[in-house]
1. On average, how much accessible surface per residue is there in the stretch 25-164, in Å², for a 1.4 Å probe, leaving out ligands, DNA and RNA?
2. Evaluate the distance, in nm, between pseudo-label points positioned 7 Å from the Cα of GLU20 and of ARG159 along their respective Cα→Cβ axes.
3. For the stretch 73-159, just say rounded, prolate or oblate: build the C-alpha gyration tensor, square-root its eigenvalues into a ≥ b ≥ c, call rounded for a/c under 1.5, and beyond that prolate if a/b exceeds b/c, oblate if not.
4. Give the share of C-alpha pairs in each 5 angstrom bin for the chain, from 0 to the last occupied bin, in whole percents, shortest bins first.
5. What FRET efficiency, computed as 1/(1 + (r/R0)^6) with R0 = 30 Å and r the Cβ-Cβ distance, is obtained for ARG121 and VAL31, rounded to the nearest 0.05?
6. Considering only protein heavy atoms and a probe of 1.4 Å, how much of the accessible area of the stretch 32-164 is carbon and sulfur, as a whole percent?
7. What spacing in nm lies between the two simple spin-label points modelled at SER11 and ARG113, each 7 Å away from Cα in the Cβ direction?
8. Could you give the length gained on full extension between ALA128 and GLU57, defined as 0.36 nm per residue of separation minus the Cα-Cα distance, in nm?
Amino acid sequence: MAGLELFQRMSVEQVAKWLELHPFEIIRVLVADGSLPSDLKLDAAAVERVRVAGGLETWWNGAPPPQANELPARALVRALVGLLLDKGYIEPKHVRADNLFRGLDADQQRTLRRSVNALIRGGVFTSAMSSTGLTVAVATTREADARSFVAKGAGPIDRLWDQD
């Protein structure tokens with residue numbers, strides 16, 4: 001936020017657009033945090049509380065470049081699995097699912113969402129609901145497969161990520 005917006009109180013809808021969330025997600029975080037204002041207007045401090053209490057992070061600054069002869073979608077999935085491992089999101093430690101996509105353009109987000117869903121169905125990722133929304137982690141039983149996929153682009157995960 002910049003300029004005058006820092007001193008104005010914003011609607012839930014304005015905050016949701018700025019944080020790239022659905023307005024319901026803003027309400028969910030404020031209710032879980034116990035700080036839902038009666039007039040549903042948020043100042044800069046409340047927006048920061050939503051960001052911190054909700055665990056909102058931006059993981060991407062554009063898509064990673066593919067390695068030789070690698071499809072861009074595959075490079076994106078490998079980079080995501082690598083980020084989850086590097087950040088230690090291996091069950092039981094989960095991360096907000098929408099953090100996996102924030103910072104990518106709409107097409108890249110769609111590609112990654114399909115792949116994440118396929119990896120959940122394939123048992124590579126686990127998902128769970130928390131008071132602040134859907135969370136995801138690498139399944140403990142599939143950590144070795146995930147590390148192999150990130151390092152070598154090989155193994156069972158290579159056959160799972162691109163399913164519809």
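The values are calculated or read from the model by the stated rules, or taken from the named source; none is laboratory data. Quantities reported herein were computed from a predicted structural model and do not represent experimental measurements. As a convention, Cβ positions derive from the backbone with ideal geometry for all residues, glycine included, and neighbour counts pool all protein chains shown. For accessibility, only protein heavy atoms count, side chains too; no ligands or nucleic acids. Shrake-Rupley method; radii C 1.70, N 1.55, O 1.52, S 1.80 Å.
1. Per-residue value: 49 Å².
2. Between GLU20 and ARG159, the simple spin-label model gives 3.4 nm.
3. oblate
4. Whole-percent P(r) values from 0 Å outward: 1, 9, 17, 19, 17, 13, 10, 7, 5, 2, 0.
5. The pair ARG121/VAL31 has a calculated efficiency of 0.50.
6. The nonpolar share, carbon plus sulfur, comes to 52 percent.
7. Once both label points are built, they end up 2.3 nm from each other.
8. Value of the extension gain: 23.8 nm.
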